[in-house]
Amino acid sequence: MKALILVGGFGTRLRPLTLSFPKPLVDFANKPMILHQIEALKDVGVTEVILAINYRPEVMINFLKDFEDKLGIKITCSQETEPLGTAGPLALARDKLVDGSGEPFFVLNSDVISEYPFAELIQFHKSHGGEATIMVTKVDEPSKYGVVVMDEETGRVDRFVEKPKIFVGNKINAGIYLLNPSVLDHIELRPTSIEKEVFPKISAGQKLYAMVLPGFWMDIGQPKDYITGLRLYLDSLRKKAPSRLAAGPHIVGNVLVHENAVIGEGCLIGPDVAIGPGCVIESGVRLSRCTVMRGVRIKKHSCVSSSIIGWHSTVGQWARIENMTILGEDVHVSDEVYSNGGVVLPHKEIKSSILKPEIVM
Amino acid sequence: MKALILVGGFGTRLRPLTLSVPKPLVDFANKPMILHQIEALKDVGVTEVVLAINYQPEVMLNFLKDFESKLGIKITCSRETEPLGTAGPLALARDKLIDGSGEPFFVLNSDVISEYPFAELIRFHKSRGSEATIMVTKVEEPSKYGVVVMEEETGKVDRFVEKPQMFVGNKINAGIYLLNPSVLDRIELKRTSIEKEVFPKIAADQKLYAMVLPGFWMDIGQPKDYIAGLRLYLEAVRRRKPYKLAVGPHIVGNVLVHESAVIGEGCLIGPDVAIGPGCVVEDGVRLSRCTVMRAARIKKHSCISSSIIGWHSTVGQWARVENMTILGEDVHVCDEVYSNGGVVLPHKEIKSSILKPAIVM
């Protein structure tokens, strides 16, 4: 089976992290974002993944060769030379997706994290005999999204309503699809929206079905949702593979610590923390609701919450970092500095406190 | 003869432009910043330029191969693996700078623009028999800088005073030096300041001389000074090579227009404007005190002043862009939008007005 991952563009919402790496390679829970999806696809028998990209293929391709060897799955890129929307990239990658076997192929939005129940999706898709299956997820405020109106029992999709004013349903498109090759016949090679143009046509022909995504779902394409997403992801890890989480008197709640990170004495770590490879957490550090990326050093007695600390950065002694502070790559916060929501671009030194949220360039 | 250009690090003060290319390759007056210096060095007989860098050598090296062939001068990189300050890089590049000829070598700070009177500097250096000659420039507020205290007639340097509280002189270090090879014997391969550690020793030996830099001088490492620097540069072009400037009823003051740029009807361009290769300036556009980089498109009836428009960007119809607006690469300002000092990172679309200076990421 094949899969197409819509990687898209510049990842500007995840700056400053995406100033150092293209978005799919930004780490989430100690692993490049896209690797979570690629591994789940491999587990369900996908042999080739195509990345639909329009930015920085060279950086991506180097990493991908690495993954190809380690995972034993073929990974290729399909590069847009002009923006093709959410459906056009499928037409562009047509030759790679259609191999004559008649098997359906997956399409994923690269920012989405979930439990990726791909086996269940395949089963459901085959059982209803439709042309396309989309996964949907329940949300509390459907009026902000595109709502999928469906028959609760069969899952057949009736229609889509963009940002509905009155309540029509609470399921939205989760950005995970399983499509028959015939869907490609509906898509021209031009900027096209899969939700506004392609799916409504298939649903009018009564051949579009929706499956409610079990477990968690989050679009982690911006820092606030990235941090929330980590909580959901670690909750799920607690349920499915609790042995992977850290344990000990210095750990509170769900915490993921890479095996070659080092944590000092007297720390209190958690809940909802991920500490990446090569990190050094010195003594007496408090970390909660944060991600500490590869190679970071958090110095003694400091306190970090609800923030993301970028690769190879340093947080000084007694520093206090909170409220959606995002440090890019190689940022050094001096001792005793306070950051309230500072968003700091790579290769900077923060010598004085940031009292209210702002970008430091 | 040889020259070392201190390129240094990340160019963070010139962001967002330096998010797209390393600082020496950012265009100034339609030419990469560093090319101004390299051409002036070649004109005075320098056969090899060594760039002391600590960031993105690959990007630099590709461009430099290009310049090497076109200019017929050898260009190499000397890369710091740890910060070496302002003198350490000279020790690092020692083997490249000393060729046994006994000739002095130039050292330049990469952010400095001036008329580069290198021939006069060589004559001055030889006539005084000095070991090291630094160029100095007059400023109005010397208390903000490191002041060079010198004998007015001979140019012999007495001492340096950092940010003097009372008036000791009004000449500051212009970042252009001509040094005998023996100066390298005074510099260890460690983080060293040329102004605080090396020059004072040479001055104590009565062998350091200063020459007042004729003509203009500016450190263009930040946007405000970059814009002021363009004015000074174009004034100098007006004096020396006025034929390079644009003429016509639509031109006011000093304006540089690349031969491949296109300007429409009814425009008013200038003073102090540089328009780069492949730019399209549509009808009825007003430009003053701004730089328009390669392939930017300025749409009809818009008005831009005191700003920098990055490569491949667009300014929409009737847009008003002013007050130190800096658009990074590939930024698109929609029709009728106002930007008052917006600083916009690459690959963004500006659909609504920016009413007060802000970074848009």
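As for the range A:100-107, it holds no residue that is in contact with a His (Cβ under 9 Å, 6 or more places away or on another chain), surrounded by 20 or more Cβ atoms within 10 Å (Cβ to Cβ) and among the aromatic types (F, W, Y). Taking (1) open to solvent by 30 Å² or more (accessible area, probe 1.4 Å); (2) modelled with pLDDT of 95 or more; (3) more than 21 Å from B:G85 (Cβ to Cβ) in turn, B:N180 satisfies each apart from (3).
Scanning the range A:312-328 for residues that are of a type outside the set (S, T, N, Q), within 15 Å of A:P223 (Cβ to Cβ) and touching a Gly at 6+ places or on another chain (Cβ under 6 Å) yields A:M324, A:L327, A:G328.
To keep it simple, each residue is scored yes or no on (1) of a type in the set (F, W, Y); (2) under 11 Å from B:Y177 (Cα atoms).
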{"residue": "B:R94", "(1), (2)": "no, no"}
{"residue": "B:D99", "(1), (2)": "no, no"}
{"residue": "B:F106", "(1), (2)": "yes, yes"}
{"residue": "B:I113", "(1), (2)": "no, no"}
{"residue": "B:R128", "(1), (2)": "no, no"}
{"residue": "B:M135", "(1), (2)": "no, yes"}
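The residues in the range B:176-196 that are more than 25 Å from the chain's Cα centre (by Cα) and of a type in the set (D, E, K, R) can be counted, and the count is 4. Does at least one position in the range A:87-95 carry a residue that is open to solvent by less than 60 Å² (accessible area, probe 1.4 Å), of a type in the set (D, E) and outside any strand (DSSP E or B)? No, every residue in the range A:87-95 fails to be open to solvent by less than 60 Å² (accessible area, probe 1.4 Å), of a type in the set (D, E) and outside any strand (DSSP E or B).
Here is a yes/no grid of residues against (1) open to solvent by less than 30 Å² (accessible area, probe 1.4 Å); (2) in contact with a Cys (Cβ under 7 Å, 6 or more places away or on another chain); (3) within 24 Å of A:V7 (Cβ to Cβ):
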residue	(1), (2), (3)
A:K126	no, no, no
A:M135	yes, no, yes
A:K138	no, no, no
A:T154	no, no, no
A:P164	yes, no, no
A:I172	yes, no, yes
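Report those strands (runs of 3 or more DSSP E) wholly inside the range A:250-314 carrying at least 1 residues which are open to solvent by 30 Å² or more (accessible area, probe 1.4 Å). Counting at least 1 such residues, we get A:255-257, A:286-292, A:303-309. When the criteria are applied in full, A:A29 meets the requirement of being more than 14 Å from every other protein chain (Cβ to nearest Cβ) and touching a residue at least 60 places away in the same chain (Cβ under 8 Å). Among the numbered criteria (1) part of a strand (DSSP E or B); (2) without any contact (Cβ under 8 Å) to a residue 24 or more places away in the chain, which single criterion is violated by B:V136? So B:V136 meets the others, but not (2). Could you tell me which residue of the range B:6-18 is modelled with the highest pLDDT, considering only residues that are among the β-branched types (V, I, T) and crowded, with 20+ Cβ neighbours inside 10 Å? Only one residue fits best here, namely B:T18. Just checking, does the range B:204-214 include any residue being within 12 Å of the chain's Cα centre (by Cα) and open to solvent by 50 Å² or more (accessible area, probe 1.4 Å)? There is no residue in the range B:204-214 that is within 12 Å of the chain's Cα centre (by Cα) and open to solvent by 50 Å² or more (accessible area, probe 1.4 Å).
Here is a list of conditions, (1) more than 14 Å from chain B (Cβ to nearest Cβ); (2) open to solvent by 20 Å² or more (accessible area, probe 1.4 Å); (3) within 26 Å of A:E259 (Cα to Cα), and A:F21 meets all of them except one; can you say which number that is? All conditions are met except number (1).
For the range A:1-41, residues that are more than 11 Å from the chain's Cα centre (by Cα) and part of a strand (DSSP E or B) total 6. Return yes or no: is B:Q206 assigned to a loop (DSSP other than H, G, I, E, B), on the phi > 0 side of the Ramachandran plot and of a type in the set (S, T, N, Q)? Yes; evaluated as a whole, the condition is true for this residue.
Can you tell me how many residues in the range A:144-174 are acidic (D, E) and part of a loop (DSSP other than H, G, I, E, B)? Total satisfying the criteria: 3. The set of residues in the range B:44-79 being within 18 Å of B:N109 (Cα to Cα) and in a helix (DSSP H, G or I) consists of B:P57, B:M60, B:L64.
Residue under question is A:L84, and the condition is that it be at pLDDT below 90 and under 20 Å from A:V198 (Cα atoms); does it hold? So A:L84 fits the description; yes.
Restricting the range A:317-361 to residues that are open to solvent by 10 Å² or more (accessible area, probe 1.4 Å) and among the small types (G, A, S), the residue that is farthest from the other protein chains (Cβ to nearest Cβ) is A:S353. Would a scan of the range A:141-152 turn up a residue that is open to solvent by less than 20 Å² (accessible area, probe 1.4 Å), in contact (Cβ under 8 Å) with a residue 60 or more places away in the chain and touching a helix residue (DSSP H, G or I) at 6+ places or on another chain (Cβ under 9 Å)? Yes, because at least one residue in the range A:141-152 is open to solvent by less than 20 Å² (accessible area, probe 1.4 Å), in contact (Cβ under 8 Å) with a residue 60 or more places away in the chain and touching a helix residue (DSSP H, G or I) at 6+ places or on another chain (Cβ under 9 Å). Taken over the range A:41-70, the residue count meeting the criterion of being open to solvent by less than 50 Å² (accessible area, probe 1.4 Å), out of contact with any helix residue (DSSP H, G or I) (no Cβ under 6 Å at 6 or more places or on another chain) and more than 14 Å from every other protein chain (Cβ to nearest Cβ) is 9.
Whenever a residue of the range A:228-244 is within 19 Å of A:D111 (Cα to Cα), it has no partner that is exposed (fewer than 10 other Cβ atoms within 10 Å of the Cβ) and not charged (D, E, K, R) lying with C-beta atoms less than 9 angstrom away and at least six residues away or across chains.
The values are calculated or read from the model by the stated rules, or taken from the named source; none is laboratory data. Fair warning: this is a prediction, and the values are worked out from it, not measured in the lab. Positions of Cβ are backbone-derived with ideal geometry, glycine not excepted, and every protein chain shown enters the neighbour counts. These area figures cover heavy atoms from the full protein model, side chains too; ligands, DNA and RNA do not enter into them. Shrake-Rupley method; radii C 1.70, N 1.55, O 1.52, S 1.80 Å.
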